Amino acid sequence: MAGSVALACANAGAAVAWVVPTYKNARPVWRFAEQMTASVSLRLKVQRSERMIEFPGGGWLGVYTADNDVSMRGEAFDVVIVDEAARVSEETYYDVIIPTLADRAGRCLLISTPKGRNWFWKEFQRGLSGGQNIVSFTAPSSANPLPNIQHAFELARERVSHRTFQQEWMAEFVEDGGGVFRHIRQLSTLLPEEPIADRQYVIGRDWARTNDASVSSVWDQLTQREILLEVEQDLPYALQLDRLKALSERYNDALVVAEQNSLGDPLIEQAAAAGIRIMPFVTTNATKATGVDSLALACERGFIGLQSDERGILEMEAFEASRTPTGLVKYAAPENMHDDIVCARLFAFSAIAESGPVILNAEPDAITIPDG
């Protein structure tokens, strides 16, 4: 819709700016603009390097990035469309974009998936409350009649966390920060359990040497319950590996899922050489987001049980979501806090949730966790 508005206004002689958070975000709209104007390209001046299209009537469409807002300063537009507006900074919108509309009494169209209750939410509320010269509306995926969208919508309802579903599929504003995991205190009632013969277990391992803690989270594959949580502080790596091997052997040669990134890589090699059944977890934004979403969904539905540990409860309750400049969801502990227990639990549960019982019967060198 916004793309059609942009091209129609530019064709009618207006100066139109399409603003995106980052350069890469401009690809979809630029492809759309080129495709829609291809049949009349002989009458247009297309500057691909500048991402600008000039129309015969004097109008033009230019693509700008909010992370380099200097290029917009001093410009004068009839229409500005801010794509993924919630990912654009408040300063860029009010201090840079709004002044570009003053000379021509221009109009602005903000389109975006919500991102917490930031300035975009405030503008949306103004439109709902009947603010002067502003109108707000929503277009959630549930309202899209296309069969493939409806199918994806129903799959998401079952497979993603309530928070993600509200924001990404229902276009609802949810508060960023905290609230990623729900019902944590109700779920955190378990006490340590000894291993049961012939039962299969998974250990999530988060490495650390100083500042952070090394954590082992032991899970029962069958019941999906955390039956032991061990936190170690300031231990030499050699001693950590000895303890991890003993823990794995104690719980029926349990599979260890450990982070491979940075210091984890040589430790995984040493652990494997010591005879520990170990599987690397490569942490990327995609793999972490998938793991967090799976664990959050299990918490919401009460499918799991956690150890009664106050530090673990506080970490899980404080764990928060934020947005990268490109609009991706990023999960981490708040500033000056830790997420060691969260990560250990995430690694273990990822193996259980993604692969089920079959993975634990495979040979160690054949075990993988899909990226994303």
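Where a number appears in this text, it was derived from the coordinates with a stated rule and is not lab data. Fair warning: this is a prediction, and the values are worked out from it, not measured in the lab. Reconstructed Cβ throughout: ideal geometry from the backbone, glycine too, with neighbour counts over all protein chains shown.
Here the gap between residue 249 and residue 224, fully extended at 0.36 nm per residue and compared with their Cα-Cα distance, gives a gain of 7.0 nm.
With 31 Å as the limit, the listed pairs 45/330; 45/122; 122/330 have 45/330; 45/122 beyond it between alpha carbons.
The simple spin-label model puts a point 7 Å past each Cα toward its Cβ; for residue 2 and residue 35 those points are separated by 1.7 nm. Distance distribution note for the stretch 2-132: the fraction of Cα pairs above 18 angstrom is 52%.
How high is the relative contact order of the chain, in percent, with contacts defined as C-alpha pairs under 8 Å that are six or more residues apart? The partial results should precede the final answer.
Details: 664 pairs, mean separation 56.0, N = 372.
Computed value for the chain: 15 percent relative contact order.
Averaging over all projection directions, the Cα-based convex hull of the chain occupies 22.5 nm² in the image plane. Comparing 300, 259, 249 in a Gaussian network model of the chain where C-alpha atoms under 10 Å apart are linked, the largest mean-square fluctuation is found at 249. Remark: the residue 126-residue 269 segment gains 45.8 nm on full extension, using 0.36 nm per residue and subtracting the alpha carbon distance.
With each label modelled as a point 7 angstrom along the Cα→C-beta vector, the residue 199-residue 310 pair spans 2.8 nm.
When the P(r) of the stretch 84-241 is calculated, the portion above 27 Å amounts to 54% of the C-alpha pairs.
Extension gain for residue 102 to residue 24 (0.36 nm times residue separation, less C-alpha to C-alpha distance): 25.3 nm.
With both labels modelled 7 Å from their Cα along Cα-to-Cβ, the residue 185 to residue 162 distance reads 1.6 nm.
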